[in-house]
Amino acid sequence: VYLEALQAILTEAQMIQAGAVANYIPELATADPHQTAIALCDETGAIHSVGDDTAVFTLQSCSKVFAHALALRAVGSQRLLQSVGVEPSGDRFDGIISLESRGRAHNPLINSGAICTSSLIPGNSLTEKLKTLLGGFSEFAGSVLSIDVSVFLSEREHGHRNRAIAHLLRSSGGLTGDVDEALELYFQQCAVQVTTQQLSVMAATLAFQGFNPKTKQQVLDKSHVRDVLSVMMTCGIYDASGEWMYTVGLPAKSGVGGGILAVVPGKMGIAVYSPRLDNFGTSVRGAYICERLSDRFGWHLFA
Ligand code: GLN
């Protein structure tokens with residue numbers, strides 16, 4: 001029932017030429033701007049997908065949702081709230097100015113907050129933490145995920161702004177522990193590679209209260225899913241979150257790799273991919289597709 005509608009929306013989206021591929025690190029600038037994919041994962045774990053649905057891209061900021069989930073799983077919401085807030089920042093994803101007066105990151109879905117959640121991923125060494133992270137992400141995806149090493153190295157080499165954010169937070173006490181280790185893990189989580197199909201399963205696991213419909217495993221506690229989705233709904237699209245809620249009406253998260261995941265609670269996991277981005281760092285075609293899907297299937301939460 002879905003494929004025909006998906007194909008029609010894909011064809012419309014492919015006519016959009018606006019936006020530009022991320023170029024803040026050299027490795028991302030090499031993405032093929034024409035690639036576009038849509039995948040839906042339903043309650044049976046079946047995936048309905050069209051376009052470049054097996055093309056591989058890096059999660060980038062989409063990883064923040066799952067790092068938030070794993071940090072909640074590890075330390076609980078009370079402890080996490082001490083380090084990272086749940087307020088939209090009204091600022092760019094890599095904003096730094098407001099940190100100066102606030103001392104603590106606004107929310108887990110912007111860079112500052114995500115570096116803090118990464119620092120709370122358990123493990124006695126960076127290797128162990130990376131194992132926890134990749135293992136956890138893979139549970140959401142229902143497949144074994146790995147890192148794109150060149151994207152990771154590129155980000156590590158050029159991540160001066162993120163280093164500045166992390167050190168500022170460390171000096172104000174918003175971030176505790178080893179700064180370099182937190183940054184290293186953050187750069188690694190951004191470089192985790194997925195296909196649009198895999199990302200739709202990750203979204204579906206959130207749509208079905210932490211139950212992965214593909215592997216039939218409970219990955220995250222229901223109460224933590226509630227926390228994660230609440231923050232996605234208010235902060236997932238950075239300083240364009242209000243407009244997103246207005247037009248699409250679903251909790252979602254975008255990443256500069258071109259991926260977006262969106263969640264229709266109790267109904268569907270949505271993933272889209274196309275590398276050309278708008279000024280906020282969100283895929284242009286991806287946003288268009290999400291809006292059309294929401295309209296077509298009546299998925300806006302307040303429709
Ligand atoms: N790796 C990117 C960064 O830290 C992620 C940002 C994003 O996807 N919006 O700048």
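The values are calculated or read from the model by the stated rules, or taken from the named source; none is laboratory data. Source: prediction; values computed, not measured. Every residue, glycine as well, gets a Cβ built from its backbone with ideal geometry; the counts of neighbours run over all protein chains shown.
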* Asked: Is there any pair with a first residue in the stretch 75-92 that is on the phi > 0 side of the Ramachandran plot and a second that is among the acidic types (Asp, Glu) and not in a strand (DSSP E or B) whose Cβ atoms are under 9 Å apart and which are 6 or more apart or on different chains, and what are they?
  -> Gly90/Asp239
* Asked: Hey, among the residues in the stretch 225-280 that are away from the ligand (no atom under 16 Å from the Cβ) and assigned to a loop (DSSP other than H, G, I, E, B), which one's surrounded by the fewest Cβ atoms within 10 Å (Cβ to Cβ)?
  -> Gly266
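Name the one entry in Ser119, Ser172, Ser143, Ser138 that is at pLDDT below 95 and away from the ligand (no atom under 14 Å from the Cβ).
Working: Ser119 fails: at pLDDT below 95; Ser143 fails: at pLDDT below 95; Ser138 fails: at pLDDT below 95.
Result of the check over Ser119, Ser172, Ser143, Ser138: Ser172.
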* To do: Tell me which of these Ala182 doesn't satisfy, since it passes every other one: (1) under 22 Å from Ser254 (Cβ atoms); (2) surrounded by 16 or more Cβ atoms within 10 Å (Cβ to Cβ).
  => (1)
* **Residues satisfying the stated conditions in the stretch 31-51, i.e. within 9 Å of Ser274 (Cβ to Cβ) and touching a helix residue (DSSP H, G or I) at 6+ places or on another chain (Cβ under 6 Å)** => Thr36, Ala37, Gly51
* **Enumeration of residues in the stretch 175-205 that are among the polar types (S, T, N, Q), within 12 Å of the ligand (Cβ to nearest atom) and closer than 30 Å to Thr44 by Cβ** => Gln189
* Can you work out which of the residues in the stretch 5-45 that are under 30 Å from Gly159 (Cβ atoms) and of a type in the set (D, E, K, R) is modelled with the highest pLDDT? => Asp32
* Please list, ordered by first then second residue, the pairs with beta carbon atoms under 6 Å, 6 or more apart or interchain, first in the stretch 219-235 and closer than 15 Å to Thr117 by Cβ and of a type outside the set (Val, Ile, Thr), second at pLDDT below 95 and not in a helix (DSSP H, G or I). => Cys235/Pro88
* Quick one: which of Ala67, Ala39 is small (Gly, Ala, Ser), in a helix (DSSP H, G or I) and surrounded by 16 or more Cβ atoms within 10 Å (Cβ to Cβ)? -> Ala67
* Hits in the stretch 3-21 - residues which are in a loop (DSSP other than H, G, I, E, B), surrounded by fewer than 19 Cβ atoms within 10 Å (Cβ to Cβ) and touching a strand residue (DSSP E or B) at 6+ places or on another chain (Cβ under 9 Å) -> Gln14, Ile16, Gln17, Ala18
* Report, ordered by the first and then the second residue, all pairs with beta carbons closer than 9 Å, sequence separation of six or more or different chains, a first member in the stretch 26-40 that is touching a residue at least 60 places away in the same chain (Cβ under 8 Å), and a second member that is buried (at least 23 other Cβ atoms within 10 Å of the Cβ) and of a type in the set (Lys, Arg). => Thr36/Arg285
* Asked: In the stretch 167-184, which residues are in contact (Cβ under 8 Å) with a residue 12 or more places away in the chain and touching a Gly at 6+ places or on another chain (Cβ under 9 Å)?
  -> Leu168, Leu169, Ser172, Gly173, Gly174, Leu183
* To do: Please give the number of the condition Val86 fails out of (1) away from the ligand (no atom under 16 Å from the Cβ); (2) part of a helix (DSSP H, G or I).
  => (2)
